[in-house]
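The values are calculated or read from the model by the stated rules, or taken from the named source; none is laboratory data. What you see is a predicted model, and the numbers here were worked out from it, not measured in a lab. Every residue, glycine among them, receives a Cβ derived from its backbone with ideal geometry; neighbour counts consider all protein chains shown.
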Amino acid sequence: MANQAEMFDHAVVVCLDLDAGAQAWRRLGFTLTPRGYHTLGSQNHCIMLARDYVELLHVTAPNPSRQYYWEAQQRGGGCAAMSCKSADAFATAARLREGGWHTSDPIEFSRPVVLDDGSEYAATFRVTALDDAPGARYFVCEHRTPELLWRPEWIRHANGAQAIASMFLVVAPSLVDAAGRAYAELTGGEMTQLSDHICSLAVDDATLVISTPQALAAATGTSHIRRDVPGYAAIRLRTTALAEARQLWRSAGVAAMDLGPHETLIPADAAGGVALLFEQQD
């Protein structure tokens, strides 16, 4: 059964220490939303981009709805999940279950959002998740109040970041093809088999690249990104201001590595456990 393609929504980076994580990402030239407090018992900062975003997440105590992230946090954190947008999380859950997927029951939660003028509103979400998706958690997110997140003051970044271009997921060598087909079914995206060790999936304007640990250098274009266990190794971001970002990183003492005239690598230890690739957007 062919599914309509979903729009890419966000990546979740789990932080052992949310203050330290926020400081590290601000040092990279990102604007962060104020600290958010979910009704589910987790806390976050978001890096809002034009249509998608990166969420820095910390779980304060284990509970059933946050157990996956709690366990990821206990293992050291890093990029633990990706999400696509859903117009109706309940309908998406029903569709996935009809396709044989075991999803969580959709849950609704919120967090207060304080705007620059001091006014406060509740940002509300509905999500349904698959913890057993290949490699890492996959979920869909229904934004009930998107106007409270995508705000002009939060989508401007000193490093020029505009969008997530690619996410790089490591799986076991025997699972590359199966993982690609699974995500194609989950997202409705089109899969391209690049080799026995790498496949690529178009998810809206972003790309999910799935590879073995051994093929990660070929998948990312650099031998300086490594990950030996399943999970997300890197995120590629589009920027309109790479030259300015490079100057910012030099001034901040960030150990950035230029990979050529149009791309720079931020190592995982400078970004909460996930490598960042910044590419100049034409």
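Tabulated data
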read-out	value
Qualifying residue in region 30-47 (condition: in contact with a His (Cβ under 7 Å, 6 or more places away or on another chain), over 21 Å from Ala136 (Cβ atoms) and of a type in the set (Val, Ile, Thr))	yes
For Arg156: the one exception among (1) under 19 Å from Thr33 (Cβ atoms); (2) in contact with an Asp or Glu (Cβ under 8 Å, 6 or more places away or on another chain); (3) basic (Lys, Arg)	(2)
Check on Val14, farther than 24 Å from Thr239 by Cα and surrounded by 21 or more Cβ atoms within 10 Å (Cβ to Cβ)	no
Test set (1) crowded, with 23+ Cβ neighbours inside 10 Å; (2) over 24 Å from Thr92 (Cα atoms) - Asp9 fails condition number	(2)
Single residue of Thr264, Thr220, Thr239 found to be of a type in the set (S, T, N, Q), modelled with pLDDT of 95 or more, under 28 Å from Asp132 (Cβ atoms) and in the same structural domain as Pro173 (by TED's automatic domain parsing)	Thr220
Residue within region 203-213 that is charged (D, E, K, R), at positive phi and either surrounded by fewer than 20 Cβ atoms within 10 Å (Cβ to Cβ) or part of a helix (DSSP H, G or I) (or both) present	yes
Hits in region 53-69 - residues which are outside any loop (DSSP other than H, G, I, E, B) and of a type outside the set (A, V, I, L, M, F, W, C)	Tyr53, Glu55, His58, Pro64, Ser65, Arg66, Gln67, Tyr68, Tyr69
Residue that is on the phi > 0 side of the Ramachandran plot, buried (at least 20 other Cβ atoms within 10 Å of the Cβ) and of a type outside the set (Asp, Glu), where the choices are Gly260, Gly188, Gly231, Gly253	Gly231
Lone qualifier among Ala72, Ala81 - being under 17 Å from the mean Cα position of the chain (by Cα), in a helix (DSSP H, G or I) and either among the hydrophobic types (A, V, I, L, M, F, W, C) or surrounded by fewer than 18 Cβ atoms within 10 Å (Cβ to Cβ) (or both)	Ala72
Options Ala50, Ala11; residue that is out of contact with any His (no Cβ under 7 Å at 6 or more places or on another chain), part of a loop (DSSP other than H, G, I, E, B) and at pLDDT 95 or above	Ala50
Cβ pairs under 6 Å, 6+ apart, first in region 157-185 and more than 20 Å from Val12 (Cβ to Cβ), second surrounded by fewer than 16 Cβ atoms within 10 Å (Cβ to Cβ)	Gly160/Thr240
Some residue of region 126-135 being over 30 Å from Ala233 (Cβ atoms) and either of a type in the set (S, T, N, Q) or not assigned by TED's automatic domain parsing to the domain that holds Val203 (or both)	no
Filter pass, Ala179 being surrounded by fewer than 18 Cβ atoms within 10 Å (Cβ to Cβ), over 16 Å from the mean Cα position of the chain (by Cα) and outside the structural domain of Ala50 (by TED's automatic domain parsing)	no
Strands (runs of 3 or more DSSP E) within region 120-172 that include 2 or more residues at pLDDT below 95	120-130
Residue within region 183-195 that is assigned by TED's automatic domain parsing to the domain that holds Thr264, part of a loop (DSSP other than H, G, I, E, B) and in contact with an Asp or Glu (Cβ under 6 Å, 6 or more places away or on another chain) present	yes
